[in-house]
Amino acid sequence: MNKILVTGAAGFIGSKVAYELAKRGDEVVGVDNLNDYYDVCLKEARLKEFGKGWRFIKMSIDDKEQLDTLFEIEHFDKVVNLAAQAGVRYSITHPYSYMQSNLVGFLNILEACRNFDVKHLVFASSSSVYGMNEKVPYSEEDKVDTPVSLYAASKKSNELMAHCYAKLYGIHCVGLRFFTVYGPWGRPDMSPMLFADAIRDGKPIKVFNNGDMIRDFTYIDDIVEGTIRAIDYELKLDQCPNGVPYQIYNIGCSHPVKLMDFITELEQAFGKKAEKIFLPMQPGDVYQTNADTSKLERDMGYKPHWSLHEGIREFVEWYKNNNDESIK
């Protein structure tokens, strides 16, 4: 049994990771600042649903003094940093909120791990770091120096910062480049929930780049399983470049789906056609995301199990049973 800190514990991924860790017997402390980037009621509903067996503390990781006090008291064995200001498009209009949470907050996590002897850190990166890279599927070996959003730049910065701390202080750092995650309790600002709301209400959905987009949609349970594998994984220094205890992994489905096919699956699950408004590509978006997850499979045995059809069915069933504006 380990004592594990999960940041972003009221988030889509964080709440389920904390729940699954506690269910198997780990001692889990979760923190989240419950900001209002999207409806706080949804975050509180997640905590009610998945908050069993672990302790929750309302806290922002950009509060260094409070975070240090927590580390000093709790003596964590491992840290899973899933806290971040999310949303590619939001970063266009709110750049400072990204720097505060994604850079200052992450620096505070790294410093706390260094100063309070935490030797194992798993942190969230993003497929957005691949930016203008046109080679697919995306590999961890690809260059990621052409971001198209400040969000992507902040996530690439996290990877660089973690590498420094791994080299300087021997902290074992594993970064996970998450691809498009969907499923029950998902974020209301992401396309699956936006599309579901529109189909339910008979309103048109916005389809960007005239529908010509491809995404590596990955069901939440597969993402949670892969994240927990990373928490359990012990890095092998002889397999790490230059002997630095640091690795980056793609975590996705590795079976990319055309956006229009995703919409069709939603329509079939709802038994209702969606009215569509076709729009050009939005600033900060990319045409295609496609994960090569062979490295994660090789090192940790990760293999996604959920098909798009199964995942959409579960999502829509949850959505119909929780058709309450207070958690959307």
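The values are calculated or read from the model by the stated rules, or taken from the named source; none is laboratory data. All of these numbers come straight from a predicted model, not from anything done at the bench. Cβ sites come from the backbone with ideal geometry, for glycine too, and all protein chains shown count toward neighbours.
A compact table of results
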read-out: Hits in the range 233-266 (condition: in contact (Cβ under 8 Å) with a residue 40 or more places away in the chain, outside the structural domain of PHE315 (by TED's automatic domain parsing) and of a type in the set (D, E, K, R)); value: GLU234
read-out: Any hit, the range 202-211, residues being hydrophobic (A, V, I, L, M, F, W, C) and assigned to a helix (DSSP H, G or I); value: no
read-out: Scope the range 119-134; condition farther than 15 Å from THR293 by Cα and either in contact with a Ser or Thr (Cβ under 6 Å, 6 or more places away or on another chain) or not hydrophobic (A, V, I, L, M, F, W, C) (or both); matching residues; value: LYS119, HIS120, SER128, GLY131, MET132, ASN133, GLU134
read-out: Meets criteria (part of a loop (DSSP other than H, G, I, E, B), farther than 21 Å from SER60 by Cα and at pLDDT 95 or above) for GLU140; value: yes
read-out: Condition broken by ALA269, with the remaining ones in (1) at pLDDT 95 or above; (2) more than 30 Å from THR93 (Cα to Cα) satisfied; value: (1)
read-out: Selection from the range 222-258 of residues that are crowded, with 17+ Cβ neighbours inside 10 Å, of a type outside the set (D, E, K, R) and assigned to a helix (DSSP H, G or I); value: ILE223, VAL224, GLY226, THR227, ILE228, ALA230, ILE231
read-out: Number of the condition not met by ALA166 [criteria: (1) surrounded by 18 or more Cβ atoms within 10 Å (Cβ to Cβ); (2) more than 19 Å from PHE123 (Cβ to Cβ); (3) aliphatic (A, V, I, L, M)]; value: (2)
